[in-house]
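What follows is a short report on a single structure.
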Amino acid sequence: MKFGKLKSVGHNLADSMASGMGFLIGVYHMDVFAEAAASEEGYITVDFLNGTVSGAKPSDSLNRAILLFRDAVPLMCDKHGIELAYARTLVARFGTDAAYGPHFRVTVESATGKKSTDQFVGIPGKRLKRRKA
């Protein structure tokens, strides 16, 4: 299986949530960045495989969306031609700050132990390119 396809699944899930429209789960309005910013923690981490959250406590509406995203994971894996069992981790951390504005970090790990974390900024999420020192 191609690890790049698993990374695409993770990015697509996170970017759909970040967009606020949730097209992957039907048109479902949400604002994960506003909820993260309004919290003491300043971030919301979503585990798409389990439908769980850490960091800020989501609203009932956002929590419902997270469960719908969890239910969409098998369809996304199938669409990308990978088996659900290949995905060990599909997690995104959403936050906002003065330097980057809305941003999210996507971590994916395969069942074989290959792991990747990518940072995205803006809506839609563009990969953050860091300058070399």
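The values are calculated or read from the model by the stated rules, or taken from the named source; none is laboratory data. Model, not experiment: these values are computed from the prediction. When we count neighbours, we look across all protein chains shown, and the Cβ atoms used for this are built from the backbone with ideal geometry, even at glycine.
For the stretch 56-86, what are the residues that are of a type in the set (Gly, Ala, Ser) and over 14 Å from the mean Cα position of the chain (by Cα)?
Selection gives 56, 59, 61, 81, 85.
Exactly one of (1) part of a strand (DSSP E or B); (2) of a type in the set (S, T, N, Q); (3) buried (at least 19 other Cβ atoms within 10 Å of the Cβ) is unmet by residue 107. Its number?
(3)
Looking at 30, 21, which one is farther than 28 Å from residue 114 by Cβ, out of contact with any Pro (no Cβ under 7 Å at 6 or more places or on another chain) and surrounded by 19 or more Cβ atoms within 10 Å (Cβ to Cβ)?
Checking each option against the conditions leaves just 30.
Within the set of pairs 6 or more residues apart or between chains, which connect a residue that is of a type in the set (Gly, Ala, Ser) inside the stretch 11-26 to a residue that is assigned to a strand (DSSP E or B) and at pLDDT below 90 with Cβ atoms less than 6 Å apart?
Matching pairs, first to second residue: 16/24.
Restricting to the stretch 56-88, name every residue that is within 13 Å of residue 8 (Cβ to Cβ), small (Gly, Ala, Ser) and touching a strand residue (DSSP E or B) at 6+ places or on another chain (Cβ under 9 Å).
Passing the criteria: only 87.
Give me the residue from the stretch 87-102 that is without any contact (Cβ under 8 Å) to a residue 60 or more places away in the chain and closer than 11 Å to residue 121 by Cα and, out of that set, farthest from the chain's Cα centre (by Cα).
Among residues in the stretch 87-102 that are without any contact (Cβ under 8 Å) to a residue 60 or more places away in the chain and closer than 11 Å to residue 121 by Cα, the one farthest from the chain's Cα centre (by Cα) is 99.
If residue 28 satisfies every condition in (1) over 13 Å from the mean Cα position of the chain (by Cα); (2) part of a loop (DSSP other than H, G, I, E, B); (3) over 17 Å from residue 124 (Cβ atoms) but one, which is the exception?
(3)
Which residues, taken from the stretch 1-33, are at positive phi and among the β-branched types (Val, Ile, Thr)?
If the condition is that a residue be at positive phi and among the β-branched types (Val, Ile, Thr), then no residue fits.
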